[in-house]
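Take a look at the structure below.
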Amino acid sequence: MRVVALVPGGIGDQILFFPTLDDLKRDYPQAQLDVVVEPRSKAAYRVSKSVNDVLTFDYKDRNSLADWSNFVGTIRDREYDAVITLGQSWLMGLLLWLTGIPTRVGYKGKGAVFLTDSVPFKPNKYVAAVYHDLLQPFGIKTPCPELAVNIPKPDIEWSQNEQKRLGVNETGYILINAGSSEVSLTGVDKLYPVKNWQQIIQECQHKQPDLPVVVIQADENEQIRRSSLLERTPGIKVTTPDNIGKLAAMIGGASLMLSTDDPLLHLSVAVQTYTIALFGPTDPAKLLPKSDKFMAIKSPTGLMADISPQTVLDKIWAG
């Protein structure tokens, strides 16, 4: 069986879709599973254990009729037996009908008339579980499994060497993901003020001097550089993994992860690192599974800046 999944969205959306792919592969081990994702999200599949091929298409671009025609042609030429779509638009449903794929699975909604099977869309659940509902037409009705990733061996080895370089391989470390942008693509506030991070880090250094603080400084994380957090808070160690496998390995080695509402949050869940996540207006129940390992702090006002550093520190010491 050849199956393709159309998964728009960022890297976080892809990781949340991993359990769906993993369960499909578990029940159909000989199946060829491909995905079509936005170019910015292709990197996520470095740590997927179930996908065979990753195709790219910019769903959100101003695509011409020729672009959509080429998209349909590419999918049709691969002769898939089934397609899973996360989109609910009338256009996407029509395009999938034009591909001629026999089994077309998606959510009930505007485009469902063109699907062969549709399931109810339940947006108030944990997002990974919402995606997992799409497996019901395949006869898979088990609960959504935990997020999981497959970290390549070279990335694990890089992390081990990086921990030695930082001098944290024997002590463990608190890992901080401060986020990389002031607002998300949807306009949601996801940035926690630098002065608040500074207060949290300094208190951690004071109370746990033998547990180093490591900050993730990804290439796009200009905010940390502009804010001079690293300059204003002595003793911080910095790691700069250059791919998602190395990021996952570094997160997996941490004693505790502090993160904003960011794709790396889902990596932390997948590698089962104790995590405290900060949320602005987003409902944490949609992005964090129920577990004692993953704790959410939601802003009382919906603004990240209104989460007090003391609230975060109280959660750290309570754990």
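The values are calculated or read from the model by the stated rules, or taken from the named source; none is laboratory data. Remember, predicted model here, so these are calculated numbers, not experimental data. Every residue, glycine as well, gets a Cβ built from its backbone with ideal geometry; the counts of neighbours run over all protein chains shown. Accessible surface is based on the protein model in full, side chains and every heavy atom, while ligands, DNA and RNA are left aside. Shrake-Rupley method; radii C 1.70, N 1.55, O 1.52, S 1.80 Å.
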### Query
For the range 36-121, which fully contained strands (runs of 3 or more DSSP E) count at least 3 residues that are surrounded by fewer than 18 Cβ atoms within 10 Å (Cβ to Cβ)?
53-56
### Query
From the residues in the range 1-49 that are among the small types (Gly, Ala, Ser) and within 17 Å of ILE140 (Cα to Cα), which one is nearest to the chain's Cα centre (by Cα)?
ALA5
### Residue match in the range 274-292 (condition: open to solvent by 60 Å² or more (accessible area, probe 1.4 Å), part of a loop (DSSP other than H, G, I, E, B) and of a type outside the set (D, E, K, R))
yes
### Task
Count, please, the residues in the range 7-35 that happen to be open to solvent by 10 Å² or more (accessible area, probe 1.4 Å) and part of a strand (DSSP E or B).
1
### Task
Say whether the condition of being among the hydroxyl-bearing types (Ser, Thr, Tyr), out of contact with any helix residue (DSSP H, G or I) (no Cβ under 6 Å at 6 or more places or on another chain) and modelled with pLDDT under 80 is met by at least one residue in the range 184-194.
yes
### Task
Working only within the range 286-313, note down all residues that are touching a strand residue (DSSP E or B) at 6+ places or on another chain (Cβ under 9 Å) and closer than 16 Å to LYS190 by Cα.
LEU287, LEU288, ALA296, ILE297, LYS298, SER299, GLY302, LEU303, MET304, ALA305, ILE307, VAL312
### Query
Within the range 144-157, is even one residue of a type in the set (Gly, Ala, Ser), within 27 Å of ILE200 (Cβ to Cβ) and in contact (Cβ under 8 Å) with a residue 40 or more places away in the chain?
no
### Task
For SER268, state whether it is within 20 Å of PHE18 (Cβ to Cβ), among the polar types (S, T, N, Q) and at pLDDT 95 or above.
yes
### Summary
Taking the range 261-319 and the residues there that are under 14 Å from the mean Cα position of the chain (by Cα) and charged (D, E, K, R), the one that is nearest to VAL47 (Cα to Cα) would be ASP262
#### Entry: All positions within the range 293-315 that are in a helix (DSSP H, G or I), in contact (Cβ under 8 Å) with a residue 40 or more places away in the chain and open to solvent by 20 Å² or more (accessible area, probe 1.4 Å)
ALA305
### Message
Given the criteria in contact with a strand residue (DSSP E or B) (Cβ under 6 Å, 6 or more places away or on another chain), within 26 Å of GLY252 (Cβ to Cβ) and of a type in the set (A, V, I, L, M, F, W, C), does LEU134 qualify?
### Response
no
### Message
I'm trying to understand the selection: among the residues of the range 31-49, which are under 25 Å from PRO263 (Cβ atoms), in contact with a strand residue (DSSP E or B) (Cβ under 6 Å, 6 or more places away or on another chain) and in contact (Cβ under 8 Å) with a residue 24 or more places away in the chain?
### Response
LEU33, ASP34, VAL35, VAL36, VAL37, TYR45
### Message
Restricting to the range 148-157, count the residues that are surrounded by fewer than 19 Cβ atoms within 10 Å (Cβ to Cβ) and of a type outside the set (S, T, N, Q).
### Response
6
## Note on the structure
Residues in the range 136-147 that are touching a helix residue (DSSP H, G or I) at 6+ places or on another chain (Cβ under 6 Å) and buried (at least 17 other Cβ atoms within 10 Å of the Cβ) total 2
### Query
How many residues are modelled with pLDDT of 75 or more and surrounded by 17 or more Cβ atoms within 10 Å (Cβ to Cβ) if we restrict to the range 224-236?
2
### Query
Of (1) part of a loop (DSSP other than H, G, I, E, B); (2) open to solvent by 60 Å² or more (accessible area, probe 1.4 Å); (3) closer than 21 Å to ASP27 by Cα; (4) not charged (D, E, K, R), THR171 satisfies all except one. Which?
(3)
